[in-house]
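A.B. asks: Below you'll find the structure I mean.
Bear in mind these aren't lab numbers, they're just calculated from the coordinates by the rules spelled out. Source: prediction; values computed, not measured. Note that we place each Cβ from the backbone using ideal geometry, even for glycine, and neighbour counts take in every protein chain shown.
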Amino acid sequence: MALLYKADPVRGERWKALFAEHAPDIEWRAWPDIGDPTDIKYLAAWQAPEDLQTVLPNLQVLFALSAGVDQLDLSRIPPSLPVVRLLDPGITQGMCEYASFAVLALHRDMLRYRQQQMARCWQAHLLQPAHQRRVGVMGLGTQAQQILATLQPLGFALKGWARSAHRIAGVECFAGREQLPAFLSQCDIVMCVLPLTEQTRGILNREFFRQLPRGAALINMGRGGHLVEEDLLEALDSGQLSGAVLDVVQNEPAPADHPFWGHPQILLTPHIAAMTQPDSAFAVLLENIRSFERGESMSGQIDRDKGY
């Protein structure tokens, strides 16, 4: 029984060491040195090889080394093959840290103070109390709920929106497209942590921004495909939005001439909100392998109809 790894080779060395120490019965192989492909039962990858069935004829599970699976073309993956996303607690911790930093940066007006620093301008501005700042989170899955729990002690007025109804203590929740306008109208800072699906692609657009209070701010920790980039620039230039913290863009890495790089009202980071770490993710992956071998359900197995 072999597992094939197809992702970052540097982190791959750590994965290899963990398997050697804790699961020596599972043979570790790294792409492209796959050896006899008929031995490979599991694939752990960021992106799957083309023509997956031909390359790995005996593959039984595809483990995505990420919290989402939008980077995978599910139409090219056999419907009978389980696809499992990685519920790494380290990813959730990283997302909570980044979300807290982004919300506080916008709440405390750090984009304006950064501009003042560049202009050598020493000027203080009135501070709005946290309880008067309404922060909305889009997507109410495990990570989003942990983000909201992290923000709660800071005193913000918290809102949440998702496709289906949720009840979260201390959070006013909205559900479905029909309640999206009401949710947006109450967000001074709105954060996207939605999965990227055909339903959510391009959701952060001109009409979306128009429904926010004037001067609101955006955080995108989801995927670049959620955002219509031209519409964001328009909203910032018109004053409808006051700022944005973006960890993702449509095409990564962002080219040198991308307008986000030098925009004074945008803080851009290179998709680093959270990264899969072998030491925190290994136990989750191994337990899923063992569960599969026992004929039990695996945590993080996606619903093909939903795309996540």
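A.B. asks: Which order do the peptides 51-64, 167-180 take when ranked by the mean count of other beta-carbon atoms within 10 Å per residue, highest first? Kindly include the intermediate steps, with their values, before the conclusion.
C.D. replies: Numbers: 51-64: 16.9, 167-180: 14.0.
Packing proxy ranking, top to bottom: 51-64, 167-180.
A.B. asks: In addition: In the chain, which helices (entire DSSP H runs) extend 15 Å or more along their own long axis, judged by Cα positions, while averaging at least 0.5 on the Kyte-Doolittle scale? Could the numbers behind the result be given before it?
C.D. replies: Values: long enough: 9-22 (19 Å, -0.83); 89-107 (27 Å, 0.71); 278-293 (22 Å, 0.24).
Correct list, ordered by number: 89-107.
A.B. asks: Give me the one-decimal nm value for the distance between modelled label points at PHE101 and ALA149, 7 Å along each residue's Cα-to-Cβ direction.
C.D. replies: That separation, rounded to one decimal, is 2.2 nm.
A.B. asks: Within segment 213-308, report the trypsin sites (Lys or Arg not before Pro) that DSSP leaves as loop and that have at most 15 other Cβ atoms within 10 Å. Working shown, then result.
C.D. replies: Working: sites: ARG214, ARG223, ARG290, ARG294, ARG304, LYS306; in loops: ARG214, ARG223, ARG294, ARG304, LYS306.
Sparse-neighbourhood loop trypsin sites (Lys or Arg not before Pro): ARG214, ARG294, ARG304, LYS306.
A.B. asks: Out of (1) -0.69; (2) -0.62; (3) -0.55, which label holds the value of log10 I(q)/I(0) by the Debye sum over Cα atoms at q = 0.10 Å⁻¹ that was computed here?
C.D. replies: Checking each listed value against the structure points to (2).
A.B. asks: Now for a different question. Starting from 0.36 nm per residue, how many nanometres of slack lie between GLN116 and ASP39 once their C-alpha separation is accounted for? Mind dumping the intermediate values first?
C.D. replies: On the way: separation 77, 0.36 × 77 = 27.72 nm, distance 6.04 nm.
Roughly 21.7 nm would be gained on extension.
A.B. asks: If you don't mind, another one. For HIS166 and ALA23 in the same chain, what is the full-extension length gain: residue separation times 0.36 nm, less their Cα-Cα distance, in nm?
C.D. replies: Working: separation 143, 0.36 × 143 = 51.48 nm, distance 3.85 nm.
Separation in residues times 0.36 nm, less the Cα-Cα distance, equals 47.6 nm.
A.B. asks: If you don't mind, there's one more thing I want to ask. Just give me a number: lysine pairs in the chain, eight or more positions apart or cross-chain, with C-alpha atoms less than 26 Å apart. Please list the in-between numbers first.
C.D. replies: Numbers: LYS6/LYS16; LYS6/LYS41; LYS6/LYS306; LYS16/LYS41; LYS41/LYS306; LYS159/LYS306.
So the count works out to 6.
A.B. asks: Could you tell me which GluC sites (Glu not before Pro) in segment 201-308 are loop residues by DSSP with no more than 11 other beta carbons within 10 angstrom of their beta carbon? Each step should come with its number before you reach the end.
C.D. replies: Working: sites: GLU207, GLU229, GLU230, GLU234, GLU287, GLU293, GLU296; in loops: GLU296.
For GluC sites (Glu not before Pro) across segment 201-308 that sit outside H, G, I, E and B with at most 11 neighbouring Cβ atoms in 10 Å, the list reads GLU296.
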